[in-house]
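I have a structure here, written as C-alpha cells, and I will follow up with some questions on it.
Nothing in this text is a laboratory measurement; each read-out follows from the coordinates by a stated rule. Small disclaimer: the values here were computed from a predicted structure and weren't measured.
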Amino acid sequence: MSSKSFDTIVIGSGTSAYFAISALNKAGQKVAVVDERPYGGTCTLRGCQPKKYLVANAEARAMAHHLQGIGLSEAPRTDW
C-alpha cells in the first residue's frame, strides 16, 4: 500500500469545498478531497435550488391570499 502526503484534507465536495480547494491550491497546498457521495455536493446532485423555488412560490401565494381585498383582487397563478 502506497502512502501519500497532503497539506490539507477537505471533507465534502460541494460548492464551498470548490472555493476552499481553489484557494488552497493557489497558496501552494497539496489538497485531498474526501466525500462518501459523488463529487458535486447536495445542490448539484440532489437539487436544493428547486426546493427554494417551490418554497418561495408557496410563500408568495400565501402572502397574496392574505392581501386579497386590500390591494390584490386575485391570487397570482403559477405557470411552471
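Tell me, in nm to one decimal, what length is gained between residue 29 and residue 68 on full extension, where the rule is 0.36 nm per residue of separation less the Cα-Cα distance?
8.2 nm
Here's something else I'd like to know. Return the label of the correct value of Rg/Rh (Cα atoms, Kirkwood Rh), as calculated from the structure shown, out of [x] 1.35; [y] 1.01; [z] 0.99.
[x]
Relative to the first principal axis of the alpha-carbon coordinates of the chain, what is the inclination of helix 48-67, with its axis defined by its Cα atoms, in degrees from 0 to 90 and to the nearest 10?
20 degrees
At a threshold of 8 angstrom on Cα-Cα distance, excluding pairs fewer than six apart, so keeping six or more, what relative contact order does the chain reach in percent?
Relative contact order, the chain: 24 percent.
Round to the nearest 10 and give me the degree value, 0 to 90, for the angle of helix 15-26's Cα axis relative to the longest principal axis of the chain.
It is inclined by approximately 40 degrees.
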